[in-house]
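Working notes for the structure below.
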Amino acid sequence: MKKVEAMTVSRALPRLDADNRSFWTGGKDGQLRLMQCQDCRTFIHPPRPVCRSCLSERVESVAVAGTGVVDTFTVNHQKWHKAMEVPYVIARVALDGAPGVFLTTNIVGCPVDSVDVGDRVRVKFEQQDDVFLPLFEKIG
Amino acid sequence: MAAAEAYITGVGQSAVGAGQTRHPLLLTLDATREALDEAGLTIAQIDGVSTYPGRAQGYLGFSPVGADELIDALGIRATWYAGGSEISSQLGAVVAAAAAVRAGLARHVLCFRTVYEAAALARPEEYPPLRRERVDGQAQWFAPFNATSPANWTAQYAMRHVKRYGLTREQLAQIALTARANAMLNPRALVRQPLTMDEYLAGRMISTPLCVYDCDRFTDASTVLIVSAGAALDEVRCQPVRIAAMAGTVERHSWDQAEWMASYPTGRDLWKRTDYRVEDVDTVQLYDGFSFFVLTWLEALGFCDVGSGGRFVEGGKRIARDGELPLNTFGGQIGAGRLHGFGFAHEAVVQLRGRAGERQIGGDPRVAVCTSGGGPLATALLLARD
Ligand SMILES: [Zn+2]
């Protein structure tokens, strides 16, 4: 099976705004950043200026470990547009230290058929323009 | 007939095809005419309009006709109307209409869903997709990872069933096989060739574990359901079907932050609002934009336990047209075309009236469940001829 090399992939990029900027640019400092309520410690993702657990407005961007576990995944085989290289792995990663938060992402740097539920993964940022995309690699 | 209740009276549908050239507003008119004709109503008696998701400016094929546009085009005098995407999926438009007639805001609400996805794809010069430099809103969490298709999102939920509960491809295949067999008996179905297990298993993978036969297909069509107030049934000629219960829930409007799909709480809620029980249901018309949704609906509605949907449909006999729980008797979206939610309510009404022709199920059906959505958005309706 073919290895997916992250840099060969064309990607749509997010429009940065006040809510999402710290998430999408944290990779500049090598940090995966999430919003967290400073009163009850709930992580809030997608980022919003209020806590969904306690309605506190003391919500701040904090760095998390950048590791996690593959909660589920799929191997995409369909070329949704002509420039697309397939197959590739789309996964939902449960983040360490941020209960309840999942990221949809790609698992890169390994054969597509080697990914499974429960795999330990670590973030690997890919910069495109002013955006640092959190992709993930298997650990070990 | 109870005055305070809501009923589905007329139902109608345009021609169903891929690459139609008839204007989408006229397809909507075709479906409207058929529904009015069946109900014995005239357009002058329609005083409400409800749709999902309204005119989709950025992607016209998905929804080319808005509620206000239809009101203007057909000269409807609306005392109430609604159209928008922030409701509990496609049949949420019927929930809104039922609430409106029960509140006395309208007597006969024309609910419609018009799709033009195949035509728009084929004629981009007429229906240009809106291109943005950057993505925002929900799309930003998926598009950068080339996870833009609902197939990818649904596949990940399906994969959890594979890993946790041992769902097999042979089990999942029964949804598509059943749909395609039923579509053979539906003269309006988009796909009218049978599908075998061997063909299914050899099907091209789209996003594991979903193959090409697990996906519905772009379709051009319009479906209309008229929702009437109990107090206005004396104006109607057809057999009314009561909306006996409705549910539409959202835990988190997200394809990746919710632990489970919205079908589960929606299915549970439905039975809290009725004296009918699971055992009373004669047929189910369950959303199959992707085959896997059907398994979640069967589990959510309590026909089987969570995780056992695959075993429930195994072999296909139970869900066949002559089985104990006939499923998607018109072919579902996989066989009949991507009518987008409204096809399930349309078929439930047709079956409960005994007017399904060659595909009519036996046993004088009186109670049906129909659903739409199942991902972050879900609606379930319990329909009864009582
Ligand atoms: Zn809080």
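Let me confirm something: among B:164, B:160, which residue is in contact with a Ser or Thr (Cβ under 6 Å, 6 or more places away or on another chain), over 19 Å from residue B:64 (Cβ atoms) and surrounded by fewer than 21 Cβ atoms within 10 Å (Cβ to Cβ)?
So the residue among B:164, B:160 that is in contact with a Ser or Thr (Cβ under 6 Å, 6 or more places away or on another chain), over 19 Å from residue B:64 (Cβ atoms) and surrounded by fewer than 21 Cβ atoms within 10 Å (Cβ to Cβ) is B:160.
Counting residues that are touching a Gly at 6+ places or on another chain (Cβ under 7 Å) and open to solvent by less than 10 Å² (accessible area, probe 1.4 Å), which strands (runs of 3 or more DSSP E) fully inside the stretch B:202-273 reach at least 2?
Values: elements: B:205-207, B:220-229, B:241-249.
Output list reads B:220-229.
Just to be sure, is residue A:86 more than 12 Å from every other protein chain (Cβ to nearest Cβ), surrounded by fewer than 20 Cβ atoms within 10 Å (Cβ to Cβ) and among the β-branched types (Val, Ile, Thr)?
When the stated conditions are applied, residue A:86 does not pass them.
For residue B:203, only one of the following conditions fails: (1) in contact with a strand residue (DSSP E or B) (Cβ under 7 Å, 6 or more places away or on another chain); (2) within 14 Å of chain A (Cβ to nearest Cβ); (3) touching a residue at least 12 places away in the same chain (Cβ under 8 Å); (4) not acidic (Asp, Glu). What is its number?
(3)
Does residue B:48 satisfy the criteria of being at positive phi and either crowded, with 24+ Cβ neighbours inside 10 Å or under 22 Å from the mean Cα position of the chain (by Cα) (or both)?
Judged against the criteria, residue B:48 is not a match.
If I go through the stretch A:25-48 residue by residue, how many of them are away from the ligand (no atom under 12 Å from the Cβ) and either part of a loop (DSSP other than H, G, I, E, B) or in contact with a Lys or Arg (Cβ under 7 Å, 6 or more places away or on another chain) (or both)?
Adding up the residues that qualify gives 6.
Condition test on residue B:293, is it surrounded by 23 or more Cβ atoms within 10 Å (Cβ to Cβ), within 22 Å of residue B:207 (Cβ to Cβ) and aromatic (Phe, Trp, Tyr)?
Yes.
Is it true that residue A:116 is facing chain B (nearest Cβ under 9 Å), out of contact with any Cys (no Cβ under 8 Å at 6 or more places or on another chain), touching a residue at least 12 places away in the same chain (Cβ under 8 Å) and open to solvent by 50 Å² or more (accessible area, probe 1.4 Å)?
In short, yes.
Taking the criterion of being in a helix (DSSP H, G or I), in contact with a helix residue (DSSP H, G or I) (Cβ under 7 Å, 6 or more places away or on another chain) and within 12 Å of chain A (Cβ to nearest Cβ), would at least one residue in the stretch B:131-139 satisfy it?
Kept after step one, since they are in a helix (DSSP H, G or I), are these residues of the stretch B:131-139: B:137-139.
Those still in the list that are in contact with a helix residue (DSSP H, G or I) (Cβ under 7 Å, 6 or more places away or on another chain) too: none.
Looking for residues that are in a helix (DSSP H, G or I), in contact with a helix residue (DSSP H, G or I) (Cβ under 7 Å, 6 or more places away or on another chain) and within 12 Å of chain A (Cβ to nearest Cβ), one finds none in the stretch B:131-139, hence no.
Are any residues in the stretch A:94-109 more than 8 Å from chain B (Cβ to nearest Cβ) and open to solvent by less than 10 Å² (accessible area, probe 1.4 Å), and if so, which ones? If you could, list the steps in order and put the result at the bottom.
Of the residues in the stretch A:94-109, the ones more than 8 Å from chain B (Cβ to nearest Cβ) are A:94-99, A:107-109.
If the condition is that a residue be more than 8 Å from chain B (Cβ to nearest Cβ) and open to solvent by less than 10 Å² (accessible area, probe 1.4 Å), then A:98, A:107, A:108 are the ones that fit.
The values are calculated or read from the model by the stated rules, or taken from the named source; none is laboratory data. Every value quoted in this text rests on a predicted model; they were computed, and no experiment measured them. With ideal geometry, Cβ positions are generated from the backbone for all residues, glycine too; neighbour counts draw on all protein chains shown. The accessibility values were calculated without ligands, DNA or RNA, using every heavy atom of the protein model including side chains. Shrake-Rupley method; radii C 1.70, N 1.55, O 1.52, S 1.80 Å.
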